[in-house]
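Here it is, the structure in full.
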Protein chains: 2
Amino acid sequence: MARTVDPERTRARRDAISSAAADLFATKGFDHTTAAEIARAAGLSSGSVFYYFADKRAVFRSIFEADLPASREMVARHAEGTDPLGSILAMVDELGGPAQDPSASGILIELLRQIDHDVQLQIVIAQTTEVIRGGLVALVERGQASGVLDPELDPTEAAAWIQNIVDGAFLSADPERDPRPMLRRIVARFLSTPPSTQGGNS
Amino acid sequence: MARTVDPERTRARRDAISSAAADLFATKGFDHTTAAEIARAAGLSSGSVFYYFADKRAVFRSIFEADLPASREMVARHAEGTDPLGSILAMVDELGGPAQDPSASGILIELLRQIDHDVQLQIVIAQTTEVIRGGLVALVERGQASGVLDPELDPTEAAAWIQNIVDGAFLSADPERDPRPMLRRIVARFLSTPPSTQGGNS
DNA sequence: GTCTATAGCTGGATAGAC
DNA sequence: GTCTATCCAGCTATAGAC
C-alpha cells in the first residue's frame, strides 16, 4: 500500500519552490515577489505554495536553512591543517566567491532587510553565523599561538570583522571582477603580526 | 505684498517630512512605511506629503540628496595636507562613524534594496559615490608617489575597496562598539607598502 | 497649502471543487 | 495534493472642500 505522501517528492517540490523563490527574491525583493509568481516559476499554482509552506516568510527562510549544514561541512573541512592563515584565506575564498554573482548579492541584501522582521529567520542565521565564526575563531587562535597572527587581536572580534569584510564584498557585486584576490590581501594583512612594531607592554 | 509661497517654510516642511521618513524607512523599511505614517511623524496629513513630493520614492530620494554637497565638502576638507594616509583614515573615520547607529545601518540596507528600482536614485547615489571615490583616489595616488602606500595597487580599485570595507561595517551595526579603530587598522594595512617583500619586476 | 475622504488597485491567504 | 476563485485588508495617490 503506497503511503499517501511520498516524502521524496514532497522534498523535491519544496526545493523547487525554494529555489525559484530565491531567484525572484534576489532580483525583485521579498515584497515585490508575489506568491503567484513563485508558483508560476516553480511550475505549480499559487494555492500549492501555501500547501508546502505556512506563509511567504517560510519560503524565504527555507533558502537559508540549507546553509547551516553546508557551513558546518565547510568549517570542518578547514579545521585541520598546519597553516591556520592559509585555512582562513581558503574559507574567505569560499565565502566571498559568490559575491561576484549578482543574485547572491541580491539575496544577501534581502536577508538584511527581512531579518529584523522574522525571529525564526534570526535563529537560522545566527546559527550559521556562529558556526562560521567559531571556525574562524579557532583558526585565529591557532595562528596566534604559532606566532603568524597578531596576538593583540581578540579572536572573536577579528572573526566578526572577517565576516564583515566578506559581506562588504557582496554589496558591490560585479560579475566581471573576482573579489577573492583583494579579499585575501585585506584579510591577510588585517590579521598578520606587525613586522617589527614592538608593542611595549612593560 | 507677501509672496504666495514662503520658500524657507517650504524647505522646512520638506526637511521635516524627509527626516521623519528616514527614521521610519530605516526601522520598518520602505514598503512597510505608509505615507500616512510619514505624515503623522512629520506633523501633517497624508495628502500633504504628496504636495511636497511627487510620490513616495521622491521622499526616499530626498534623504540622500543632502549627502552630495556634504560629501563634496568632506572631500575638499581632506584633500590638502601632508599625510595622505592620515587623510584617508580621517575620511574612513567620518564615513564609518555612523555605522554604530542602527538607523544609519537600516537606511543603507534599504538603499541597497531600492536602488535597483529607481533610476533617479541611482544617479544621486552614483554622484555621491564618485565624489568620495575621487577624493580617495587622489589621496591614494599621492600616498603612492610619496612611497607610503603600495604602488602595486590600482588607485581606483583600492578606493572602491575602502568604500566596500566601510559599508561592510554598517551591516553589523552595534551601538556598543565603535567600529572606527578596526576600520583604521584594516584600511591602513590594506594600503600600506609591503615592509620588505620586494616585488621582483624584471 | 493643507485638510478629509475615497477611488482604485494589489496581493496574501483561504475555501472548496476535483 | 493541487487547482481556481475570491475575500479582504491595506495602501498610494488624487479630488475637492476650506
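Is there any pair with a first residue in region A:146-162 that is free of Cβ contacts under 8 Å to residues at least 24 places away in the same chain and a second that is part of a helix (DSSP H, G or I) whose Cβ atoms are under 6 Å apart and which are 6 or more apart or on different chains, and what are they?
From region A:146-162, the pairs are A:Pro155/A:Val137; A:Pro155/A:Val140; A:Pro155/A:Glu141; A:Thr156/A:Val137.
Which one is nearest to the chain's Cα centre (by Cα), of the residues in region A:150-172 that are more than 9 Å from every other protein chain (Cβ to nearest Cβ) and of a type in the set (D, E, K, R)?
The residue in question is A:Asp154.
Can I ask one more? From the list B:Ala99, B:Ala36, B:Ala79, B:Ala42, pick out the single residue that is touching a residue at least 24 places away in the same chain (Cβ under 8 Å), within 16 Å of DNA strand C (Cβ to nearest atom) and either among the small types (Gly, Ala, Ser) or closer than 24 Å to B:Ala159 by Cβ (or both).
Result: B:Ala42 is the single residue among B:Ala99, B:Ala36, B:Ala79, B:Ala42 that is touching a residue at least 24 places away in the same chain (Cβ under 8 Å), within 16 Å of DNA strand C (Cβ to nearest atom) and either among the small types (Gly, Ala, Ser) or closer than 24 Å to B:Ala159 by Cβ (or both).
Before we move on, is B:Pro175 closer than 30 Å to A:Phe25 by Cβ, within 9 Å of chain A (Cβ to nearest Cβ) and touching a residue at least 24 places away in the same chain (Cβ under 8 Å)?
Taking the combined requirement at face value, the residue does not satisfy it.
Take the residues of region B:51-71 that are among the aromatic types (Phe, Trp, Tyr) and within 16 Å of DNA strand C (Cβ to nearest atom): which is nearest to the other protein chains (Cβ to nearest Cβ)?
So, considering only residues that are among the aromatic types (Phe, Trp, Tyr) and within 16 Å of DNA strand C (Cβ to nearest atom), the one nearest to the other protein chains (Cβ to nearest Cβ) is B:Phe53.
Being of a type outside the set (Gly, Ala, Ser) and in contact (Cβ under 8 Å) with a residue 60 or more places away in the chain is the filter; apply it to region A:5-33 and report the residue that is farthest from DNA strand D (Cβ to nearest atom).
Taking the candidates together, the pick is A:Thr27.
Also, I was wondering about something else. Looking at (1) more than 14 Å from chain B (Cβ to nearest Cβ); (2) within 14 Å of DNA strand D (Cβ to nearest atom); (3) out of contact with any Phe, Trp or Tyr (no Cβ under 9 Å at 6 or more places or on another chain), which is the only condition A:Arg77 fails?
(2)
For the structure I just gave you, tell me whether A:Gln127 is polar (S, T, N, Q), more than 27 Å from B:Ile107 (Cβ to Cβ) and not assigned by TED's automatic domain parsing to the domain that holds A:Ala22.
Yes.
Sticking with this one: If you go through region A:1-50 one residue at a time, how many are within 14 Å of chain B (Cβ to nearest Cβ) and either assigned to a loop (DSSP other than H, G, I, E, B) or surrounded by fewer than 13 Cβ atoms within 10 Å (Cβ to Cβ) (or both)?
Adding up the residues that qualify gives 6.
Answer with yes or no whether B:Gly147 is surrounded by fewer than 20 Cβ atoms within 10 Å (Cβ to Cβ) and either more than 11 Å from every other protein chain (Cβ to nearest Cβ) or hydrophobic (A, V, I, L, M, F, W, C) (or both).
Spelling it out, B:Gly147 is indeed surrounded by fewer than 20 Cβ atoms within 10 Å (Cβ to Cβ) and either more than 11 Å from every other protein chain (Cβ to nearest Cβ) or hydrophobic (A, V, I, L, M, F, W, C) (or both).
Between A:Ala90, A:Ala104, which is closer than 21 Å to A:Ala188 by Cα and in the same structural domain as A:Leu149 (by TED's automatic domain parsing)?
Step by step, each of A:Ala90, A:Ala104 is checked, and only A:Ala90 is closer than 21 Å to A:Ala188 by Cα and in the same structural domain as A:Leu149 (by TED's automatic domain parsing).
The values are calculated or read from the model by the stated rules, or taken from the named source; none is laboratory data. Every value quoted in this text rests on a predicted model; they were computed, and no experiment measured them. Note: ideal-geometry Cβ built from the backbone for every residue, glycine included; neighbour counts use all protein chains shown.
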